[in-house]
Structure formats: C-alpha cells, structure tokens
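The values are calculated or read from the model by the stated rules, or taken from the named source; none is laboratory data. Everything numeric in this text was worked out from a predicted model, so none of it was measured. Note that we place each Cβ from the backbone using ideal geometry, even for glycine, and neighbour counts take in every protein chain shown.
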Ligand code: CUA
C-alpha cells in the first residue's frame, strides 16, 4: 500500500514537471528571457525583482505554515494545553504591517522607474533620422525627428506605414538596429495589442485613438559602450559597435497580437527583421519603386495590350497578373507599388510580397533555416492561402469578400488559375 502511494506521488510530480517543461521552448524567437533591446530588458529586470520578492514571501510563509502544521497538530490522547495565542500582540502586528510595506516599496520603486522609462521617448542625436538615414525621400523637416512607424491593427493582420518615408508594408516590420523608433498604434476595427517579446511590448491598439510606444532593437552606442566597457578611438568604437549589432542584433523576430480580437486572434502574428542602416535604406527604395509589368513591359503598354488584345499576353506570369487584376479581384483590396491600377487599401500592401518570409500575418512560414526564402514552400503557402483562406485564418475578410477559392460555386477560381496567380505573386520580390 505504502509502495503504491509513493509511486503515485512520483507519477504526479513527473506529470507536473512535464507540464512545466513544455514552457521551455528552445526556439527563443519569442522568449522574454532572451532580450534584444532596452525596453524588453527593463521589463525583464522588473519581472526578476517581482519574482524574487514573491519567492521570498512564498518560502517564508510556506515554512511557517509547515512548521505550525506539524508541531501543533492534534495527536492521539493529546492533553497538551492550547499554545499561547498571538492575537493582538502589537509587536507582531506592527512588524507584519511594516514588512509588507517594505516589500511593496521594493517592488513599487523599480516598477515606477520602468513605467517612466518605457513611456518617455529617449531623444538622442543618434536616433534622429537625419543622423543615420542616407536614403531618398526624406524631407528636411523630418531630419530632426526619429523614425516613426504607424502600426495599424486589422482583423487579423498588421499594417506598417512609414509616413516620413512615404511607404507602407504589412505583417513584416523592417527596422534599423540600435535606433530608438517611435510607434503610433491605431486600430481599424477592434482592440489589438502590439507585442514583440524579445524587443518590446505590450501596448494596445484601440479604435478611435492613437496610442504610442517606443522600441529599439539592441543598445544605443552609449549604452553598449557603458555595458561592454569598450575603449578606443571613435572610429574603432564605431566599428566594434557595428560588429555587435551585426552579430547579436540583426535577426528575424516574432511578434504576436496580445489582446483577444476575434476568431483568428491566435493567428494574428507578425515578424520583425532588424537590419543595418544601409539595408534599411535600400529596402525603402525598393518598396518606393515597386514592381514592373511582366516581360520588362512598361505598365501603360501592358494595360494597353491587356485592354485591346489580352490573348497577346501569354505565359503563366502574364495570365496570373490578368487574373490578379480581374477575375481574382485581388487588386480591389491590395496595392502593389508600381502597378497604377492595383491600389486597394482594404487588405495588406503586397509590394515585395515574395521577399517576405511568411504569409497570412506570419501564420504560414516559408523561411528556410539559413534565413532565405524557401521558394517551394512559398509557392505551396500562396496556393493554400488563395484556395482556402478560411481554413488558414477562420473568419478573415478575403474569404468574406469571395476572394480566392471561396464564393459562389461558378465563381470559384480553378486550381490552374490559383497556380498562375501564385506564380505571379512569386515575382513580387
Ligand atoms: Cu488582434 Cu488579437
């Protein structure tokens, strides 16, 4: 009997350990314990203070409880008198109140400090756009301001606009390493919440108002120098700082909507690529330029041919684009920079879609281990998403708008048509 009881206890504890170890995912793209920015770091520090204080209270109270339980429990034929009772002992009561206040203060001081720190945007010379952005399209009025990104929440995807640079993208945020960036958070429908666990979080996106936060991937040069204790000439320091950003910060991070927002809330993910200043500038320039018509045609020429004798536009890519513009109705909701007639705003902007490493707000992944795009997987994801958007992301608008495979039976896109649209989309890189 005793034996089987011990076995049961061991089983229960193993099961509990198993449940807890499920939280130990070695994929750290979303870990708040492996921080890559000052905001996430401040939040982690605060978390650790709270954990230690709570653990201290837990152990202390638990120990007193266990001692009391064993020492004073009733035994057989117990004729011991009641132990002396402590009610109303002023010394004990004041000490307990004092200890509670002290512990609360230990938690409150760093909490307030962290709240202020994450609230106040750090104005530094390094973070001003004019100090690091060498690309095109920046007005003089904006040079003294930090980079601002307008984050827009939709059911269930993310829009990222860079108003100072005149570009918009979706679901994959591209940011320069080591720069403080201002985020303006808005929602187009219900409440969402921006959370990029290793870098910063969480602030709600609320309909009808604009919330703000700032994020930064990696330390600023001053903070990095203070932490690493690096010394040397200005040039050497800059080179070492660039190396630190390159080796430790440039990466691909996962984000997630952190506020329940309807059917596909759990599939409202996003990604963030942290890149060098140069890569950021060339990305902006590519987004601005957008895409050419297939076969190196000018857009006017392509549309003239398409309007007059569409049968002359042959090949899967041309046919895919024709479907994209007409029967597939894609351009009603989606914009593709460069293409003068694809200017929809109800859905994600698709400029450079094929360079993104995921689809459907991060839910369908086609990023290869080495960080490149897995082209076969990408094709499969495009096909799946167009054919059955409702199973990929239940309740989404593309499905409701009769986009892709869903709709009246006689309007369904055939597999061959979906194949051609997918091939066309793969040229948007
Ligand atoms: Cu958006 Cu949850």
_Answer from 39, 66 - the residue that is assigned to a helix (DSSP H, G or I) and in contact with a helix residue (DSSP H, G or I) (Cβ under 7 Å, 6 or more places away or on another chain)_ = 39
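With away from the ligand (no atom under 16 Å from the Cβ), modelled with pLDDT under 95 and buried (at least 16 other Cβ atoms within 10 Å of the Cβ) as the only criterion, which of 233, 220, 228 stands out?
On the way: 233 fails: buried (at least 16 other Cβ atoms within 10 Å of the Cβ); 228 fails: buried (at least 16 other Cβ atoms within 10 Å of the Cβ).
Matching residue, one of 233, 220, 228: 220.
Say whether the condition of being touching a residue at least 24 places away in the same chain (Cβ under 8 Å) and out of contact with any strand residue (DSSP E or B) (no Cβ under 9 Å at 6 or more places or on another chain) is met by at least one residue in the stretch 196-218. Can you show your working first?
Kept after step one, since they are touching a residue at least 24 places away in the same chain (Cβ under 8 Å), are these residues of the stretch 196-218: 196-202, 204-205, 210-218.
From what is left, the residues that are out of contact with any strand residue (DSSP E or B) (no Cβ under 9 Å at 6 or more places or on another chain) are none.
Within the stretch 196-218, not a single residue is touching a residue at least 24 places away in the same chain (Cβ under 8 Å) and out of contact with any strand residue (DSSP E or B) (no Cβ under 9 Å at 6 or more places or on another chain).
Taking residue 264 as the residue in question, decide whether it is away from the ligand (no atom under 16 Å from the Cβ) and within 25 Å of residue 174 (Cβ to Cβ). First the steps, then the outcome.
Details: away from the ligand (no atom under 16 Å from the Cβ): no; within 25 Å of residue 174 (Cβ to Cβ): yes.
Spelling it out, it is not the case that residue 264 is away from the ligand (no atom under 16 Å from the Cβ) and within 25 Å of residue 174 (Cβ to Cβ).
Which one of these is closer than 22 Å to residue 294 by Cβ and not in a loop (DSSP other than H, G, I, E, B): 351, 332, 314?
Working: 351 fails: not in a loop (DSSP other than H, G, I, E, B); 314 fails: not in a loop (DSSP other than H, G, I, E, B).
Checking each option against the conditions leaves just 332.
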_Selection from the stretch 130-177 of residues that are assigned to a loop (DSSP other than H, G, I, E, B) and touching a strand residue (DSSP E or B) at 6+ places or on another chain (Cβ under 9 Å)_ = 133, 137, 144, 145, 147, 155, 156, 163, 164, 171, 177
_Residues of the stretch 354-373 that turn out to be touching a residue at least 60 places away in the same chain (Cβ under 8 Å) and either part of a loop (DSSP other than H, G, I, E, B) or farther than 18 Å from residue 427 by Cα (or both), as a count_ = 7
_Verdict on residue 270 being buried (at least 20 other Cβ atoms within 10 Å of the Cβ) and either within 16 Å of the ligand (Cβ to nearest atom) or under 15 Å from the mean Cα position of the chain (by Cα) (or both)_ = yes
_Close pairs (7 angstrom Cβ cut-off, 6 or more residues apart or separate chains): closer than 27 Å to residue 52 by Cβ in the stretch 85-106, surrounded by 11 or more Cβ atoms within 10 Å (Cβ to Cβ) anywhere_ = 103/53; 103/57; 106/53
*asked:* residue 157 - would you say it is touching a residue at least 40 places away in the same chain (Cβ under 8 Å), surrounded by 11 or more Cβ atoms within 10 Å (Cβ to Cβ), more than 25 Å from residue 43 (Cβ to Cβ) and over 21 Å from the mean Cα position of the chain (by Cα)?
replied: no
_Looking only at residues that are modelled with pLDDT of 95 or more and buried (at least 23 other Cβ atoms within 10 Å of the Cβ) in the stretch 161-171, which one is nearest to the ligand (Cβ to nearest atom)?_
171
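Are any residues in the stretch 178-200 within 15 Å of the ligand (Cβ to nearest atom), part of a strand (DSSP E or B) and more than 20 Å from residue 360 (Cβ to Cβ), and if so, which ones? Full working, then the answer.
Let us first name the residues in the stretch 178-200 that are within 15 Å of the ligand (Cβ to nearest atom), namely 185-197.
From what is left, the residues that are part of a strand (DSSP E or B) are 185-187, 192-196.
185, 186 - these are the residues of the stretch 178-200 that are within 15 Å of the ligand (Cβ to nearest atom), part of a strand (DSSP E or B) and more than 20 Å from residue 360 (Cβ to Cβ).
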